[in-house]
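**Student:** Below you'll find the structure I mean.
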Amino acid sequence: MDAPVLDVVNVPTISGYSNVEDIEGYQHLVDELSLKIEELEQRMIEVEQFNSSTSKKQLKASKGNSNAKDKDKEKHIPGLKKQQQEASKREAAAAKRMHDLMRQFGTILSQITRHKWAWPFMQPVDVEGLGLHDYYEVIDKPMDFSTIKNQMEANDGTGYKNVRQICGDVRLVFKNAMKYNEERSNVHVMAKTLLKKFEEKWLQFLPKVIEEEKRREEEEAEAQMNIQLVYEAAHAKMARDINNELHELDLHLEELREMVVRKCRKISVEDKRKLGASLTKLSPEDLGKALEIVAQNNPGFQATAEETESTLWRLKFFVKGALEVQGKSSCSASLGGNNNSTDNAINNNNNDDDNINNNIKRKREISNAIAKAVKKKSKKPTS
C-alpha cells in the first residue's frame, strides 16, 4: 500500500511540439499518460483490497498470520505501529493480571490438597501396580494434582493460560475418580465430597475471574477499533491522493487533446453528417453535455472557423465515448435483470471508489481518442 506517488505534475507538456508532423512526440505523450492511468488503476485495486482488509476477523488474523508482503505494507501505514505497540503492552498487562489470579487460585488449590481425603488424588493413578487393566478404556484423560501443579509452574509456554483451565482440570481429577469407582466406594465418596467443597470456593472466587475477562474483552475491542480507524484513515488518504493525481493527469490530457484537435485535419462533410446522426442517439443527459461542449469555448455560439473545427472534433470524441458507454449500460441492464436493486445498493455504498474508476475510464477514452486522431493525421500531409 506504500506505492510511490506518481509524478503526474511533471509529465512532459506538448508545448515542445511545434507541429502535428512530430507524430512520435505526440505518441510518446499518449503512451506516458496511458501508463500513468494503468498505474493509477493498479493503485485503485490496492486501495479497494486494503479497504476490505479492515474487518475484525482480518484484523485479528493480522496480529500473527500476515504474510511478509502484508507486513511490509503495514510498516508504512501512519500510526499502525504505535497502535500495535500499545496493544502489545495491554496484552502483557492482562497476562500479568491473569498470572496474579492464578496465584490467588493456588490458595484454594492448597486448601483442597491439604484435606485429609486428598491423598488418593495427589499423584497419577498407578494403573499397573493396582492392576487396573481397563482404566484407560474408561478414563479418556487422566489427571491428578501433581500434574496440575507442574503445569501451573511451567515457564516454557506449555502451562495454563487462565484460571478456567486450572479449574477444569481440578474438576477432572474428581470426576475421573467418581466415574471409575463405584458410587459406594471410599474413593468415589471422597472425590464427591472434595468436589463439592471445591465448587463452593470456586463460586466465591468466580467474580474476580469474570471481572478480569470482561476487562480484557473491552481492551481487545478498543485495540481493534483503534487499529481499524488507522486503516480507514490510511485508505481515505490514499483515495484523496489518487483523486489529486487524477486531477493533475486530467489537466495534461486536456492540454494534449486540445492541441491535437486544433492541428488535426479538418473534419469532413461525411464526418459532420455522421456526427449529426450520432447526436440524435444520445440520452438527454449526454445531449446536455454535448451542448455544454459547444458553449464552453463559444458561449454565444458565434465561433470562428478554427474554434468551430476544434469544437466539432471535441463533439466527435465525446459522442463516440458516450455511445459506447450507453451500449455497455444496455448490455449490463439486459444481463442484470432483477439484480438492479441489489446493484444499486452496492453502488451506493461504494460511491467514492466508483467516482475514481469513472475518472480513470474517462481519461482512458480521451487518451485513446487522441491516439486515433494522431494516427489518422500521420497518413495525410499537413495542409
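**Student:** If residue 226 satisfies every condition in (1) of a type in the set (S, T, N, Q); (2) buried (at least 18 other Cβ atoms within 10 Å of the Cβ); (3) not assigned by TED's automatic domain parsing to the domain that holds residue 100 but one, which is the exception?
**Tutor:** (2)
**Student:** Considering each residue of segment 179-191, count those that are of a type in the set (A, V, I, L, M) and crowded, with 18+ Cβ neighbours inside 10 Å, and give that number.
**Tutor:** Qualifying residue count for the region: 2.
**Student:** Another one. Could you say which residue among 148, 108, 112 is surrounded by 14 or more Cβ atoms within 10 Å (Cβ to Cβ) and under 45 Å from the mean Cα position of the chain (by Cα)?
**Tutor:** 148
**Student:** Only one residue in 296, 204 is at pLDDT 85 or above, out of contact with any strand residue (DSSP E or B) (no Cβ under 7 Å at 6 or more places or on another chain) and loosely packed, with under 13 Cβ neighbours inside 10 Å, so which one is that?
**Tutor:** Result: 204 is the single residue among 296, 204 that is at pLDDT 85 or above, out of contact with any strand residue (DSSP E or B) (no Cβ under 7 Å at 6 or more places or on another chain) and loosely packed, with under 13 Cβ neighbours inside 10 Å.
**Student:** Residue under question is residue 182, and the condition is that it be outside any helix (DSSP H, G or I) and of a type outside the set (Phe, Trp, Tyr); does it hold? Break it down into steps so the answer makes sense when it comes.
**Tutor:** Working: outside any helix (DSSP H, G or I): yes; of a type outside the set (Phe, Trp, Tyr): yes.
In short, yes.
**Student:** Does residue 125 qualify as being exposed (fewer than 15 other Cβ atoms within 10 Å of the Cβ), of a type in the set (Val, Ile, Thr) and over 18 Å from residue 198 (Cα atoms)?
**Tutor:** Working: exposed (fewer than 15 other Cβ atoms within 10 Å of the Cβ): no; of a type in the set (Val, Ile, Thr): yes; over 18 Å from residue 198 (Cα atoms): yes.
Judged against the criteria, residue 125 is not a match.
**Student:** When both residues are 6+ apart or on different chains and their Cβ atoms are under 8 Å apart, which pairs have a first residue that lies in segment 94-107 and is under 20 Å from residue 223 (Cβ atoms), and a second that is of a type in the set (Asp, Glu) and modelled with pLDDT of 90 or more?
**Tutor:** As it stands, the answer is 94/212; 97/212; 98/212, since those pairs meet every condition given.
The values are calculated or read from the model by the stated rules, or taken from the named source; none is laboratory data. All values derive from a computational prediction rather than experimental measurement. Virtual Cβ from ideal backbone geometry, glycine too; neighbours counted across all protein chains shown.
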